[in-house]
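**Q** Structure incoming, see below.
The values are calculated or read from the model by the stated rules, or taken from the named source; none is laboratory data. As the structure is a prediction and not an experimental result, all values here were calculated from the model. Positions of Cβ are backbone-derived with ideal geometry, glycine not excepted, and every protein chain shown enters the neighbour counts. The protein model used for the area step is the full one, side chains on, heavy atoms only, and it has no ligands, DNA or RNA in it. Shrake-Rupley method; radii C 1.70, N 1.55, O 1.52, S 1.80 Å.
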Amino acid sequence: MSNIYTVKCPPDYDDGLLYHFTNGEALFKILESMTLKLSSMSSVDDLNEKCICCRDDGWGINGINIEKYVERECKTLSFSRNYYEGEERTSNVQSAINLPRMWAEYADKNRGACLIINERRFLEENQVVLKNTFYDISDVEYHSMLYDDSITATDNPEQFVKQHYKHILFRKHSDWHGQHERRLFCIGKDLEYLSIVNSLAR
């Protein structure tokens, strides 16, 4: 089956494609193994992502244990997606391949590459690996205030993360809005790589 995908201009907002920016050194490793390496939450750029940003009636201990659990057990894989520039209409859809901030920050100041991946095929080829893993792939939401007083930290980190992972891992400060991030999240410290053999556009 062909993996040749056409990037329309202007693109469709929901074209099913994921855009992964990387530097040259990492690109060679990716193409050699045809895999993408998941990142631990200990290496995220936004320090707010290590904070549960909610109430903690346990003198802060519950929050500390939850944050340690997230760093130890959770993995992520980040992509960009097409986005609206201004009003949500067809003519305002912009391609994620043209994100100067992403080229500068994650593609070695424009010296790297942007890999285009078909999301449906990506999930299909990794379904055996992911089927016994708690995971989700969704768009990140951006907010000027991340704290949520309606959520209270509990003394069961795993249960809390499974119940509130959207709040912890799919919300970022509005300053990061320009990334237009779509993120894969999973609980599985031993899961390191996901295949792109059948989903990489080429």
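**Q** Check off (1) in contact with a Ser or Thr (Cβ under 7 Å, 6 or more places away or on another chain); (2) part of a strand (DSSP E or B); (3) not hydrophobic (A, V, I, L, M, F, W, C) for Glu71 and give me the number that stays unchecked.
**A** Glu71 satisfies all of (1) in contact with a Ser or Thr (Cβ under 7 Å, 6 or more places away or on another chain); (2) part of a strand (DSSP E or B); (3) not hydrophobic (A, V, I, L, M, F, W, C) except (2).
**Q** Answer yes if at least one residue in the range 87-102 is in contact with a helix residue (DSSP H, G or I) (Cβ under 8 Å, 6 or more places away or on another chain), free of Cβ contacts under 8 Å to residues at least 40 places away in the same chain and closer than 30 Å to Asp14 by Cα, and no otherwise.
**A** So far as the range 87-102 goes, no, none of its residues is in contact with a helix residue (DSSP H, G or I) (Cβ under 8 Å, 6 or more places away or on another chain), free of Cβ contacts under 8 Å to residues at least 40 places away in the same chain and closer than 30 Å to Asp14 by Cα.
**Q** Let me ask another. At negative phi and at pLDDT 90 or above, is that true of Val44?
**A** no
**Q** Consider the range 28-61. How many of its residues are assigned to a helix (DSSP H, G or I) and under 17 Å from Met145 (Cα atoms)?
**A** Of the residues in that region, 4 qualify.
**Q** Search the range 117-150 for residues being among the hydrophobic types (A, V, I, L, M, F, W, C) and under 19 Å from Gln179 (Cα atoms), and hand back the single one that is farthest from the chain's Cα centre (by Cα).
**A** Step one: filter the range 117-150 for residues among the hydrophobic types (A, V, I, L, M, F, W, C), giving 117, 122-123, 128-130, 134, 137, 140, 145-146.
If we keep only those that are under 19 Å from Gln179 (Cα atoms) as well, we get 117, 137, 140, 145-146.
Values: Ile117: 13, Ile137: 7, Val140: 7, Met145: 20, Leu146: 17 Å.
My answer is Met145.
**Q** Can you name the condition, by its number, that Asn65 falls short on among (1) within 29 Å of Lys162 (Cα to Cα); (2) at pLDDT 95 or above; (3) open to solvent by 30 Å² or more (accessible area, probe 1.4 Å); (4) in contact with a strand residue (DSSP E or B) (Cβ under 9 Å, 6 or more places away or on another chain)?
**A** (4)
**Q** Of the residues that sit in the range 24-77 and are in contact with a Pro (Cβ under 7 Å, 6 or more places away or on another chain) and of a type outside the set (Phe, Trp, Tyr), which one is farthest from Arg182 (Cα to Cα)?
**A** Asn65
**Q** Out of (1) acidic (Asp, Glu); (2) free of Cβ contacts under 8 Å to residues at least 60 places away in the same chain; (3) at positive phi, the odd one out for Asp139 is which?
**A** Checking Asp139 against (1) acidic (Asp, Glu); (2) free of Cβ contacts under 8 Å to residues at least 60 places away in the same chain; (3) at positive phi, the one that fails is (3).
**Q** Hey, Gly60 hits all of (1) closer than 30 Å to Asp155 by Cβ; (2) surrounded by 13 or more Cβ atoms within 10 Å (Cβ to Cβ) but one; which does it fall short on?
**A** Evaluating Gly60 over (1) closer than 30 Å to Asp155 by Cβ; (2) surrounded by 13 or more Cβ atoms within 10 Å (Cβ to Cβ) leaves (2) as the failure.
**Q** Hey, Lys8 hits all of (1) open to solvent by 70 Å² or more (accessible area, probe 1.4 Å); (2) modelled with pLDDT of 90 or more; (3) over 14 Å from Ile117 (Cβ atoms) but one; which does it fall short on?
**A** Of the numbered conditions (1) open to solvent by 70 Å² or more (accessible area, probe 1.4 Å); (2) modelled with pLDDT of 90 or more; (3) over 14 Å from Ile117 (Cβ atoms), the odd one out for Lys8 is (2).
**Q** Which of the residues belonging to the range 27-51 are touching a Lys or Arg at 6+ places or on another chain (Cβ under 9 Å), farther than 30 Å from His167 by Cβ and either small (Gly, Ala, Ser) or open to solvent by 70 Å² or more (accessible area, probe 1.4 Å) (or both)? So that I can check it myself, show each step before the final result.
**A** As a first pass, look at the range 27-51 and keep what is touching a Lys or Arg at 6+ places or on another chain (Cβ under 9 Å): 29-30, 35, 37-42, 44, 46, 48-49.
Now drop any that are not farther than 30 Å from His167 by Cβ, which leaves 29-30.
Listed by number, the list holds a single entry, Lys29.
**Q** Further question on the same structure: State all residues of the range 48-86 that are under 15 Å from the mean Cα position of the chain (by Cα) and without any contact (Cβ under 8 Å) to a residue 24 or more places away in the chain; if no residue qualifies, say none.
**A** Lys50
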